[in-house]
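Asker: Below are the structure tokens for one structure; questions will follow.
Derivation of every value follows stated rules applied to the coordinates shown; laboratory data play no part. Computed from a predicted model, the values in this text were never measured in an experiment. Neighbour counts are summed over all protein chains in view; Cβ atoms, including those assigned to glycine, are modelled from backbone coordinates with ideal geometry.
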Amino acid sequence: MPVVKFEREGRSIEVPKGANLRKSALKAGINVYKGINQILNCQGHGLCGTCRVEIIQGDKNVNSKTPMEEWVLKGKFLIAHKVKPNLRLSCQVKVDDDIVVLTMPEYEIDKEETIERVKIFAVVTLFALLFLVGLAFIVLDFIGKL
Ligand code: FES
């Protein structure tokens, strides 16, 4: 059976081949969430991005990242994060052989990407406001208030 070593906790557990990393960790009493995310998370559906871990050894001994997982790790909204190749969502990891895992790894903001996202958001918001103002004038004109 594969052995998962949790570096931060100094513990190793044996898991069945193909076991889900998040479920195995939680079952063994090892927390993969920071702070309030212990309660506020997507329960392993790969949507919230709060169960991040770093596979510091044996990253070839787990399944590969899906585009959806990469997208969630990168940050879905305005703030973008830098994603190391071995950064994973523990709920999406299937363990096939021995690995060493770092729970709650550092997570760096990608400033350039975040600035680009904010610029796009500002332009889209501006156009949406212009559209709404134009629509308001049309409606007011239609009902004869102008
Ligand atoms: S628990 Fe939400 S992404 Fe893993």
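Asker: Using amide H atoms built 1.01 Å from N in the peptide plane, name the residues 5+ places from Asp110, or on other chains, whose amide H lies under 5 Å from its own.
Answerer: Ala80, His81, Lys82
Asker: Averaging the inverse of every distinct alpha carbon separation and then flipping it gives the Kirkwood radius. What is it for region 64-146, in angstrom units? All intermediate terms of the calculation are to be shown ahead of the outcome.
Answerer: Numbers: mean 1/r = 0.0606 Å⁻¹.
Hydrodynamic radius (Kirkwood, Cα pairs) of region 64-146 is 16.5 Å.
Asker: Kindly point out, ordered by number, any Cys in the chain whose beta-carbon has no other cysteine beta-carbon under 4.7 Å away.
Answerer: Cys51, Cys91 - these cysteines have no disulfide-compatible partner (Cβ-Cβ under 4.7 Å) in the chain.
Asker: Quick check: residue separation of Lys94 and Glu14 times 0.36 nm, minus the Cα distance between them. What number comes out in nm? Walk me through the numbers on the way to the answer.
Answerer: On the way: separation 80, 0.36 × 80 = 28.80 nm, distance 1.33 nm.
Net length gain for the segment: 27.5 nm.
Asker: Follow-up. From the backbone phi of region 109-114, what are the Karplus-calculated ³J(HN,Hα) couplings (6.51 cos²θ - 1.76 cosθ + 1.60, θ = phi - 60°) in whole Hz, Gly and Pro given as x?
Answerer: Each residue's phi maps through the Karplus curve to give 6, 8, 4, 4, 5, 5 Hz.
Asker: Kirkwood Rh and Cα-based Rg: tell me the resulting Rg over Rh for region 20-72, rounded to two decimals. If you can, show how the numbers build up before the last one.
Answerer: Details: Rg = 11.6 Å, Rh = 12.2 Å.
Here the Rg-to-Rh quotient is 0.95.
Asker: Pick from Cys51, Cys42, Cys91: which is most flexible by mean-square fluctuation in a GNM of the chain where alpha carbon atoms under 10 Å apart are linked?
Answerer: So, out of Cys51, Cys42, Cys91, the one fluctuating most is Cys42.
Asker: If I stretch the segment between Ser64 and Lys76 completely, what's the gain in nm (0.36 nm per residue apart, minus their alpha carbon distance), one decimal? Present the calculation step by step, with values, prior to reporting the outcome.
Answerer: Values: separation 12, 0.36 × 12 = 4.32 nm, distance 2.00 nm.
Full extension from Ser64 to Lys76 adds 2.3 nm.
Asker: Mind scanning Lys34/Lys111; Lys17/Lys82; Lys94/Lys119; Lys23/Lys76; Lys23/Lys119 and naming the pairs with a C-alpha gap bigger than 28 Å? Walk me through the intermediate numbers first.
Answerer: Numbers: Lys34/Lys111 23 Å; Lys17/Lys82 30 Å; Lys94/Lys119 37 Å; Lys23/Lys76 24 Å; Lys23/Lys119 39 Å.
Over 28 Å Cα-Cα: Lys17/Lys82; Lys94/Lys119; Lys23/Lys119.
Asker: Give the distance, in whole Å, between the Cα centre of region 32-83 and the Cα centre of region 95-140.
Answerer: One Cα centre to the other: 17 Å.
Asker: Can you list residues from other chains, or at least 5 along the same chain, whose modelled amide H is less than 5 Å from the amide H of Gln57?
Answerer: Long-range HN contacts for Gln57: Val100.
Asker: So who's got an amide H within less than 5 Å of the one on Arg52, skipping anything under 5 residues away but keeping other chains? H placed 1.01 Å off N, in plane.
Answerer: The answer is Ser90.
Asker: Mind pulling the per residue volume of the convex hull built on the Cα atoms of the chain? Å³ is fine.
Answerer: Details: hull volume 20.6 nm³, N = 146.
Cα-based convex hull of the chain, divided per residue, equals 141 Å³.
Asker: Let me ask something additional. Once you have the Cα-Cα distance between Ala128 and Glu116, take 0.36 nm times their residue separation minus that, and quote the gain in nm to one decimal.
Answerer: Numbers: separation 12, 0.36 × 12 = 4.32 nm, distance 1.83 nm.
Here the segment from Ala128 to Glu116 would lengthen by 2.5 nm.
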